[in-house]
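Report on the following structure.
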Amino acid sequence: MDFLLTPEQRAFRQRLRDWLAANLPENWRDGHYVRELDETEHARYQRAWEKKLHAAGYAGLHWPAQYGGKGLSIVEHFLFGEETGRVAAPEGINTIGRELVGGVLLYAGSESQKRTLLPRIAACDDVWCQGFSEPNSGSDLASLRTRGVEHQGKWRINGQKIWTSYAQHADMCLLLARTSDEERQQRGLTLFAMPMKAPGVTRRSIAQLNGQADLNEVFLDGVELGEEAAIGPVGEGWSVAGAVLNIERATTRFYRQARYLNELRHATNLAIGRGGALDASMRQRVATSLAELTVFRALNVKFVSRIANGERIGPESSVLKQIWSHFHQNVTDVCAELLGDDHWLPRADDVEASRFLPVYLHTRAETIFAGTSEVQNNIIAERLLGMPR
Amino acid sequence: MLYERTEDERLVEATVHRALQDLAGSVGADRTAESAAHQVGERLVGLGLFHADDSEGLMRSMRVVQIVARESGRACLAFPILEGLAAETVMGRAPRLRPSLSDCGVGELTISTVMEGQAAPIYVAGRLQGIARVVPFADRARRLIVPVRQGDGRDSSSIAVIDMRAAGIHIHPRVSVESDYPVFDVALNDVRPLSSINTIEDGTPAAMLFRLTSSLLATAEIAGASATALEMTRQYMLTRTQFGRPLGANQALKHVLANNYVRLETMTAAAEYAAMFLEADPRGAPLAVLSAKHYASRVGKLLAEDMLQLHGAIGYTQEYALQRFMRRILRLCATHGTPSTLTDQLFGQLEAASELH
């Protein structure tokens, strides 16, 4: 890909590659820990990794320097994603902060919010979670009922959120609440920056299919926020979130393609090492996945180019979400077939093969979170292809 | 960076689109008549699309050639644009081959075949022996470009230019899924080629470049034909009503359309990406090009089948235009590299894949 980059971008990539080779954390190999960690240790480990990246100058790459960023472009952000994905580096704990809240603040935040909150996100001093979905408002997010009432210059929040990732480790929450009743549900919603330790905030972890408990219910009982907590215009939270979500769908976690390729190569080499050369059918499955991952990269490069050229990304970002979520499921299916029993029933001391089952289980959620595949298809059909609602 | 379209590319796209759509309209139902093929050939030459000796021209750019191939798919003319483009694009980079075309008249066909997965003709002592398979329009072509093996080599390493009027050539028709796109096997019995080359001007193996170019252009043409098929279906779903509402109001149906839009966007991006690689770094291009063709061959067929399903019975008629695009897609998915024939090459790229970007 060298021909696609400027000399400065090539140099950036090489420096990062060298830094990763020298600085991947201890006890980390091939995309996972080499020993058991409990949840608290896991959170500490991931936060430490993000702080290490920040100290090395690899946080907030495409944010303006005055807000704690490096003032580089979306291309460096993309290269960072690819290089960390290539070596399956730890994913960190503040993805919501870095890749959603950062975009929201840059798009709609006040100057004070940008100067206060963004540097803390870049340094991983504040870990953020996302308070959007509710028990009765998932795909139909606009129907949410958590309410914010203004009283004497403060907001009083009551309601409940669900599926809140990492709420147990988060310092702040990007909260979407209803602040007025309008004819269209999408109007009258407001975004807030809510401290997770504010009085009235409680939470409960949700045990998940994959054995982890990263997701939470969050209960809001008379939580008081100052008026400066509102992000963007009051009542315009939906359009702010929507505009940012389109961009985030296209630019979040650029490490995916490279990381999935890392998984595919790892499983293939492991299978060959343990069982000898693959038969024709299995080679075809691997080749199909490789082709899919290569065309996924083509799509990434196209979106990065559009953004780098100043274009706005709209509902077409749903195409990317469909591609990465389904292609990852395909990769994990191939890995499962490659490894057989070692995938589904690994020996307790089989550190290498043990990587893959958690990944498979996580992929089953990837066509559900961030907008289900069915919601994405509705967006594509209605907003891009003009089908009736 | 990257995908920024140049003004030249926009101009080519708009001009070729208009020209080919006009031709598709004027040629009409009689798509295989000699006069129709001649019209198409003349118009394409007039646009500057077949100038092998145009060393500075737009057709030197793989990105531009890829756009032309896509537009050719969108128009779906019964004319071997892809095969002619592949031949011309490679020969444009091989000055030694250009004299072989100097007596080709306007509208006289130059065609090619890639011999995917089958034994290419053998080139021994200046003569060709063997069969060039799946050659389109061989019954009316003037020149044939084909990969050939040297001596007892297993893989084709050279390309040869053949005069279709030479002694020792016999053509045998094949039945094609695209019945108005005639395809033949060309038997070569002691045929002296006009010329042959092992490498092009920058040292890239000629046969490798030719195969990759053919695969790239086939991918682009599949994407073009798929775009027209999808647009046709989109319009149908908006206008056809049943049970008191348009077909497109049914979630089950619009989701099928949406899934195929995702496939179309992805294969279009894949062709553009592969073209950039093939232009800038031919020897580093196989992963991008073969992946694009592998993907397009798989999902192009699925898209064509889904578009037919969404149309219902009307889509199954000869009279309705969808079947032309479906046949074109199916033929191209089965040639110029398929998931079966590309497996070993792609599998071989796995280890290097993370380093190639």
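The values are calculated or read from the model by the stated rules, or taken from the named source; none is laboratory data. Just so it is clear, the model here is predicted, and its values are computed rather than measured. In this analysis, Cβ positions are derived from the backbone assuming ideal geometry, glycine residues included, and neighbour counts consider all displayed protein chains.
When the range A:1-46 is filtered for residues that are among the charged types (D, E, K, R) and in contact with a Lys or Arg (Cβ under 7 Å, 6 or more places away or on another chain), the ones remaining, listed by number, are A:Asp2, A:Asp30. Where the second residue is part of a helix (DSSP H, G or I) and acidic (Asp, Glu) and the first is under 16 Å from B:Leu342 (Cα atoms) and lies in the range B:290-318, which pairs have Cβ atoms under 7 Å and are six or more apart or on separate chains? Going by the 7 Å Cβ cut-off, the qualifying pairs are B:Tyr295/A:Glu292.
Residues of the range A:21-42 include none that is farther than 20 Å from A:Gly92 by Cα and more than 14 Å from every other protein chain (Cβ to nearest Cβ).
Look through the range A:49-73, keep the residues that are closer than 23 Å to A:Leu174 by Cα and out of contact with any Gly (no Cβ under 9 Å at 6 or more places or on another chain), and return whichever of them is nearest to the other protein chains (Cβ to nearest Cβ). Result: A:Gln66. Checking each residue in the range A:310-368 for being among the β-branched types (Val, Ile, Thr) and more than 27 Å from B:Asn260 (Cβ to Cβ) picks out A:Val351, A:Val359. Looking across the range A:325-346, the residues that are crowded, with 17+ Cβ neighbours inside 10 Å, among the hydrophobic types (A, V, I, L, M, F, W, C) and more than 14 Å from chain B (Cβ to nearest Cβ) come down to A:Ala336, A:Leu339. I need the full set of residues from the range A:365-389 which are part of a helix (DSSP H, G or I) and within 14 Å of chain B (Cβ to nearest Cβ), in order please. Hits for the range A:365-389 are A:Ser373, A:Glu374, A:Val375, A:Gln376, A:Asn377, A:Asn378, A:Ile379, A:Ile380, A:Ala381, A:Glu382, A:Arg383, A:Leu384.
The set of residues in the range B:277-295 being within 7 Å of chain A (Cβ to nearest Cβ) and aliphatic (A, V, I, L, M) consists of B:Ala280, B:Leu287, B:Ala288, B:Ala292. A single member of A:Tyr67, A:Tyr107 is more than 29 Å from A:Thr294 (Cα to Cα), modelled with pLDDT under 95 and out of contact with any strand residue (DSSP E or B) (no Cβ under 7 Å at 6 or more places or on another chain), and it is A:Tyr107. Scanning the range A:249-272 for residues that are farther than 16 Å from A:Asp30 by Cα and surrounded by fewer than 20 Cβ atoms within 10 Å (Cβ to Cβ), we see that the one that is nearest to the other protein chains (Cβ to nearest Cβ) is A:Ile272. Is it fair to say B:Ala94 is surrounded by 14 or more Cβ atoms within 10 Å (Cβ to Cβ), within 18 Å of the chain's Cα centre (by Cα), at pLDDT 75 or above and within 25 Å of B:Val64 (Cα to Cα)? No. Residues that are buried (at least 23 other Cβ atoms within 10 Å of the Cβ), within 11 Å of another protein chain (Cβ to nearest Cβ) and charged (D, E, K, R) do not occur anywhere in the range A:347-364.
Being modelled with pLDDT of 95 or more, crowded, with 22+ Cβ neighbours inside 10 Å and among the hydroxyl-bearing types (Ser, Thr, Tyr), is that true of even one residue in the range A:368-389? No, that holds for no residue.
Sort out which residues of the range A:236-269 are of a type in the set (Lys, Arg) and touching a residue at least 24 places away in the same chain (Cβ under 8 Å), and write them in order of number. Across the range A:236-269, the qualifying residues are A:Arg249, A:Arg253, A:Arg256, A:Arg259. When the range B:234-263 is filtered for residues that are facing chain A (nearest Cβ under 10 Å), farther than 27 Å from B:Ser291 by Cα and part of a helix (DSSP H, G or I), the ones remaining, listed by number, are B:Arg234, B:Gln235, B:Met237, B:Leu238, B:Leu247, B:Gly248, B:Ala249, B:Gln251, B:Leu253, B:Lys254.
When you look at B:Thr266, is it under 19 Å from the mean Cα position of the chain (by Cα), facing another protein chain (nearest Cβ under 7 Å), surrounded by 24 or more Cβ atoms within 10 Å (Cβ to Cβ) and not hydrophobic (A, V, I, L, M, F, W, C), yes or no? Here the answer is yes, as B:Thr266 does meet what is asked. Answer with yes or no whether B:Tyr261 is of a type outside the set (A, V, I, L, M, F, W, C) and more than 22 Å from B:Glu83 (Cα to Cα). Here the answer is yes, as B:Tyr261 does meet what is asked. Restricting attention to the range B:2-19, which residues are of a type outside the set (Ser, Thr, Tyr) and either in contact (Cβ under 8 Å) with a residue 60 or more places away in the chain or not in a helix (DSSP H, G or I) (or both)? Within the range B:2-19, B:Leu2, B:Glu4, B:Arg5 meet the criteria. The criterion of being at pLDDT 95 or above and within 14 Å of another protein chain (Cβ to nearest Cβ) does not hold for B:Ala304.
Of all residues in the range B:336-356, those satisfying the criterion of being touching an Asp or Glu at 6+ places or on another chain (Cβ under 7 Å) and buried (at least 21 other Cβ atoms within 10 Å of the Cβ) are B:His336, B:Gly337. When each of A:Gln322, A:Gln284 is tested for being free of Cβ contacts under 8 Å to residues at least 24 places away in the same chain, part of a helix (DSSP H, G or I) and within 14 Å of chain B (Cβ to nearest Cβ), the lone residue that passes is A:Gln284.
Taking helices (runs of 4 or more DSSP H) as the structural unit, those lying wholly within the range B:270-348 and holding at least 3 residues that are under 30 Å from B:Leu247 (Cβ atoms) correspond to B:286-311, B:322-333.
Scoring A:Glu91 on the criteria (1) touching a Phe, Trp or Tyr at 6+ places or on another chain (Cβ under 8 Å); (2) closer than 25 Å to A:Asn309 by Cα leaves a single failure, condition (2). Of the residues making up the range A:75-98, those that are among the acidic types (Asp, Glu) and surrounded by 21 or more Cβ atoms within 10 Å (Cβ to Cβ) are A:Glu82, A:Glu83. Test A:Asn309 against the criterion of being closer than 30 Å to B:Gly248 by Cβ, free of Cβ contacts under 8 Å to residues at least 60 places away in the same chain and of a type outside the set (D, E, K, R), and give yes or no. So A:Asn309 does not fit the description; no. Counting only residues that are part of a helix (DSSP H, G or I), polar (S, T, N, Q) and either modelled with pLDDT of 95 or more or more than 24 Å from A:Ile379 (Cα to Cα) (or both), how many does the range A:287-317 have? The qualifying residues number 3.
The set of residues from the range A:302-319 being at the interface with another protein chain (Cβ under 10 Å from one of its Cβ atoms) and under 19 Å from the mean Cα position of the chain (by Cα) comprises A:Phe303, A:Val304, A:Ile307, A:Glu316, A:Ser318, A:Val319.
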